[in-house]
Amino acid sequence: MSDDTNEPFPWKIRPFKKADHDRSAFDCGVPSLNDWLKNKMSQWEKKGFSRTLVLVKDGERAVRGYYALSPHTVLHEALTEDQGKGLPMVDVPVVLIGRLAVDQTLQGQAFGRDLLLHALRRIYRLSLAMGVRAVEVDAIDDSAVRFYRAYGFEPLADQPRKLYLPIPVVRTLFESGAKPRSPRRSAVP
Ligand SMILES: CC(C)(COP(=O)(O)OP(=O)(O)OC[C@H]1O[C@@H](n2cnc3c(N)ncnc32)[C@H](O)[C@@H]1OP(=O)(O)O)[C@@H](O)C(=O)NCCC(=O)NCCS
């Protein structure tokens, strides 16, 4: 399974590299997400706190979307009864999609979906190599909650903006054929 499967041709989703990517004009409409990308992300990369993947058009340097992944744990008591069913009574190893955003000029054109599916595929691959029970996201507002819930994420107990998706559900998502939006724009043959 290639990491590139959810790339929306002629766009690419690649690990951020300072020499190759220009973040200066990025604007997703949420100041804290813009600020993190421009002013904090490099430190997080250097210190090993997160890895950031960026959306760029083939042949261009401008970053038009991004997501960031970090290892995380969810306290067992933060799970709902359903989420905790059958699990050991210990904190749960997860991968956190701490941030995901698309430049305002491209919103509503399925790039958010492509970034999310790309992230989920990457996390699924990781779960084959090490213990990862679920994906966690921190939704920035209620609108972002609705975006993630459309893909099966469910809130943790008493934390409406912290959402959780078990790896078996991620596997089902790919087995049921979740792909980039249209074959015409897809990098997948
Ligand atoms: C949220 C965000 C990432 C969505 O990206 P996008 O490219 O605009 O969304 P897409 O075009 O890929 O939409 C994918 C699906 O989600 C739905 N969707 C998108 N934004 C939504 C929202 N705010 N509320 C509910 N549903 C939403 C779309 O209708 C679409 O559904 P469909 O596949 O059934 O047609 C983007 O709008 C953004 O960057 N917003 C600002 C930052 C942010 O809120 N980040 C998320 C939390 S950290």
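Throughout, read-outs are computed from the coordinates displayed, never taken from laboratory work. Everything numeric in this text was worked out from a predicted model, so none of it was measured. Neighbour counts are summed over all protein chains in view; Cβ atoms, including those assigned to glycine, are modelled from backbone coordinates with ideal geometry.
Whole-Hz Karplus values for segment 141-158 come out as 7, 5, 5, 5, 4, 5, 4, 6, 5, 4, 9, x, 5, 10, x, 6, 4, 6 Hz, taken residue by residue from phi with 6.51 cos²θ - 1.76 cosθ + 1.60 and θ = phi - 60°; glycine and proline positions read x.
Per-peptide packing, taken as the mean over residues of other Cβ atoms within 10 Å, places 72-82, 98-108 in the sequence 98-108, 72-82 from highest down. The count of lysine pairs in segment 3-179 with alpha-carbon distances below 18 Å, taking only pairs 8 or more places apart or on different chains, stands at 14.
When the charge dipole of segment 98-155 is built from unit charges on Cβ atoms (+1 for Lys and Arg, -1 for Asp and Glu) and taken about the Cα centre, the candidate among P155, L100, V132 whose Cα reaches farthest toward its positive end is V132. From largest to smallest, the equivalent ellipsoid semi-axes obtained for segment 3-179 from the alpha-carbon gyration tensor read 27, 17, 16 Å.
Calculated mean residue ellipticity, 222 nm, the chain: -7500 deg cm²/dmol, from DSSP H runs (n ≥ 4) at -39500 (n - 2.57) each, averaged per residue and rounded to 500.
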